[in-house]
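Report on the structure given below.
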Amino acid sequence: MTNQRSWQGWVLVGPALLVTLVLFAAPMVMVILTSLYRRTGGTTDRTLNLDNYVRLATDPTIHQALINSLQVVGLTVVFSTLVAYPLAYIIAFRVPTKWQALVLLLTVVPFWTSYVVRSYSWLLVLAKNGVINQTLQGWNLIGEPLTLANTRFATVLAFVHFFVMVSTLTIYASLRQIPPNLALAARDLGASPASVFRRVTLPLSIPGVVVGAFLTFVLAIGDYITPQIVGGGNELLLPQLLMLHVSRRGDFPLAAAMALILLVIVAAVYALSSKHLTLERPR
């Protein structure tokens with residue numbers, strides 16, 4: 001009987017393990033192996049070595065691209081959270097319950113459209129002949145067009161627009177799980193609304209904030225399309241530099257090493273925030 005149950009268990013689990021092996025483990029092994037090759041003279045030397053990692057540690061261009069990526073993504077996480085929290089709070093506590101699902105649906109609509117479409121839309125808005133500059137010049141508020149596109153500001157603005165709904169959903173879920181009697185008890189004890197928020201609502205919603213921030217970080221750190229279209233090439237992020245080595249130089253080994261660096265960064269952020277990566281109901 002035990003052997004039969006074990007066999008049945010493997011039948012149920014086997015397909016999932018196979019999919020994991022084919023779609024994740026095998027490609028990961030290939031990326032690791034490729035990062036240990038070397039691109040020289042237009043050919044790939046498959047002798048295992050650490051040359052690409054030495055270059056990652058010593059190349060100032062790669063260092064700057066990594067710093068740019070971390071700064072842009074950090075700003076994106078901060079501003080996404082600052083926008084998402086009030087929005088989630090209003091939806092959770094000010095919008096009637098019967099309308100909350102519709103409002104949440106509207107917040108995720110931008111996520112359903114193509115990355116390319118969204119990025120070019122922001123380019124049309126921020127360009128020197130775009131909507132903002134034309135409006136400001138039409139009102140005689142500026143003489144010369146402002147440089148808004150192809151800047152870090154443009155990249156962060158587009159990222160926040162794209163990913164703010166992620167934090168909104170996670171923070172909303174966290175807020176809705178806070179037992180209402182906690183806030184009522186605090187008010188009965190004489191706490192002001194600001195004190196209730198600071199001592200009850202905010203601490204209990206931190207898991208939603210952390211989950212949203214982590215997901216935003218993961219989505220933004222590896223994004224190539226938005227920085228390329230909206231941010232331009234004036235300030236390269238690491239994904240842009242990675243794609244540059246692939247498309248123009250065919251240097252897949254160095255690109256694989258860069259991809260692994262991004263993976264390590266994501267893993268490190270996960271380890272630092274794992275304590276709060278839960279949306280369980282507060283007890």
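The values are calculated or read from the model by the stated rules, or taken from the named source; none is laboratory data. Worth saying up front: this structure is predicted, and the values here are computed from it rather than measured. Quick reminder, even Gly has a Cβ in these numbers, built from the backbone with ideal geometry, and neighbours come from all protein chains shown.
Observations
- Of all the listed residues (220, 213, 183), the sole one being assigned to a helix (DSSP H, G or I) and touching a Phe, Trp or Tyr at 6+ places or on another chain (Cβ under 8 Å) is 220.
- Looking only at the stretch 103-133, and only at residues there that are under 14 Å from residue 154 (Cα atoms) and among the aromatic types (Phe, Trp, Tyr), the one that is surrounded by the fewest Cβ atoms within 10 Å (Cβ to Cβ): 120
- Where a residue in the stretch 85-110 is among the aliphatic types (A, V, I, L, M) and its partner, wherever it lies, is outside any helix (DSSP H, G or I), with Cβ under 6 Å and at least six apart: 103/95
- Filtering the stretch 52-74 to residues that are farther than 19 Å from residue 233 by Cα and in contact (Cβ under 8 Å) with a residue 40 or more places away in the chain leaves 52, 53, 55, 56.
- Note on the stretch 134-176: residues that are crowded, with 20+ Cβ neighbours inside 10 Å, of a type outside the set (A, V, I, L, M) and farther than 20 Å from residue 118 by Cβ amount to 3.
- Boolean, residue 281 is surrounded by fewer than 15 Cβ atoms within 10 Å (Cβ to Cβ) and modelled with pLDDT under 85: yes
- One residue stands out in the stretch 24-53 among those that are in a strand (DSSP E or B) and not β-branched (Val, Ile, Thr): the one that is farthest from residue 259 (Cα to Cα), namely 45.
- Scoring residue 120 on the criteria (1) in a helix (DSSP H, G or I); (2) farther than 28 Å from residue 70 by Cα leaves a single failure, condition (2).
- Residue match in the stretch 102-113 (condition: under 17 Å from the mean Cα position of the chain (by Cα), part of a loop (DSSP other than H, G, I, E, B) and not hydrophobic (A, V, I, L, M, F, W, C)): yes
- Scope the stretch 179-224; condition free of Cβ contacts under 8 Å to residues at least 24 places away in the same chain and of a type in the set (Phe, Trp, Tyr); matching residues: 197, 224
- Enumeration of residues in the stretch 87-101 that are exposed (fewer than 12 other Cβ atoms within 10 Å of the Cβ) and within 22 Å of residue 181 (Cβ to Cβ): 94, 96, 97
- Meets criteria (closer than 29 Å to residue 230 by Cα, in a helix (DSSP H, G or I) and among the aromatic types (Phe, Trp, Tyr)) for residue 197: no
- Scan of the stretch 177-191 for residues that are loosely packed, with under 12 Cβ neighbours inside 10 Å and modelled with pLDDT of 85 or more, ordered by number: 181
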